């Protein structure tokens, strides 16, 4: 994914005024983005290569012609260990709310059960519409905004009509409150991840007792706070390993990972290779994607 994906916290999605949504073709030569969330519905459609997505603690191994939808305020992470090309489409919730009055009471899902040919046909049409949006967005023909926005509203209609289901209001209110508190935690961790952050320090930040904070964080993030902090460090280390020729030990220390033995174990668990192997794969990997000129 592009470098914006290295911002592993709640973020306000940057959108152009003439569309109100974020849409682009991503060329990813290798990345690891730790758990994060944003106030937008996100769709990733893999066109070449593969991508691992962990959403709400479920693991999805996406390959070419597969797509995933991640609802707003859902904690997720992505991992790419080889080249891929994908459509990335993010629709802010405020944009949805302008046209879908009951948006606060619905969720979306693109998962299709076996033996549902009608739903499979609808998903095929959905993906074809995404590709038409990609063509308009990449080529920018005369009248681009008209073409793109007509497809945008078509895809939103398809989502609402074919891929939505209702949820209860109390669930959403509690989720929003938890995400707002989590946002403070993740932003503070991002700003201070290179140093040790004690549990008492981070719990005091959101006025929680340490024990309750630990349960709250694990429930919402699926990992302990220490595990998350190390994963955040790992994401920056991974980027520097494939983008620089700096010594591995220097990179780990730069990002606050002083326990080299723990780093190597975590790295192998995530990428099933050593840092040197990942760097060598990057150096010798053939470029197979048709990147824009």
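Things worth noting here:
- Residue within segment 11-21 that is touching a strand residue (DSSP E or B) at 6+ places or on another chain (Cβ under 6 Å), part of a strand (DSSP E or B) and at pLDDT 90 or above present: no
- Taken as a whole, the condition of being over 23 Å from the mean Cα position of the chain (by Cα) and either part of a loop (DSSP other than H, G, I, E, B) or closer than 30 Å to residue 107 by Cα (or both) does not apply to residue 252.
- Residue within segment 221-238 that is exposed (fewer than 13 other Cβ atoms within 10 Å of the Cβ) and either in the same structural domain as residue 176 (by TED's automatic domain parsing) or under 23 Å from the mean Cα position of the chain (by Cα) (or both) present: no
- Cross-chain or 6+ apart pairs with Cβ under 7 Å, segment 84-102 first and without any contact (Cβ under 8 Å) to a residue 12 or more places away in the chain and assigned by TED's automatic domain parsing to the domain that holds residue 74, then outside any loop (DSSP other than H, G, I, E, B) and surrounded by fewer than 20 Cβ atoms within 10 Å (Cβ to Cβ): 97/103
- Residue in segment 276-291 that is at pLDDT 90 or above and under 24 Å from the mean Cα position of the chain (by Cα) present: no
- Qualifying positions in segment 221-244 - more than 30 Å from residue 179 (Cα to Cα) and without any contact (Cβ under 8 Å) to a residue 24 or more places away in the chain: 243, 244
- All positions within segment 49-83 that are more than 19 Å from residue 37 (Cα to Cα), touching a residue at least 24 places away in the same chain (Cβ under 8 Å) and surrounded by fewer than 18 Cβ atoms within 10 Å (Cβ to Cβ): 50, 65, 82
- Note on segment 194-220: residues that are loosely packed, with under 13 Cβ neighbours inside 10 Å and assigned to a helix (DSSP H, G or I) amount to 6.
- None of 64, 40, 86 is on the phi < 0 side of the Ramachandran plot and at pLDDT below 95 except 40.
- Sole exception among (1) surrounded by 11 or more Cβ atoms within 10 Å (Cβ to Cβ); (2) within 28 Å of residue 75 (Cβ to Cβ) for residue 140, by number: (2)
The values are calculated or read from the model by the stated rules, or taken from the named source; none is laboratory data. Treat the numbers as computed from the prediction; the structure is a model and nothing was measured. FYI the Cβ positions are ideal-geometry reconstructions off the backbone, even for glycines, and counts take in every protein chain you see.
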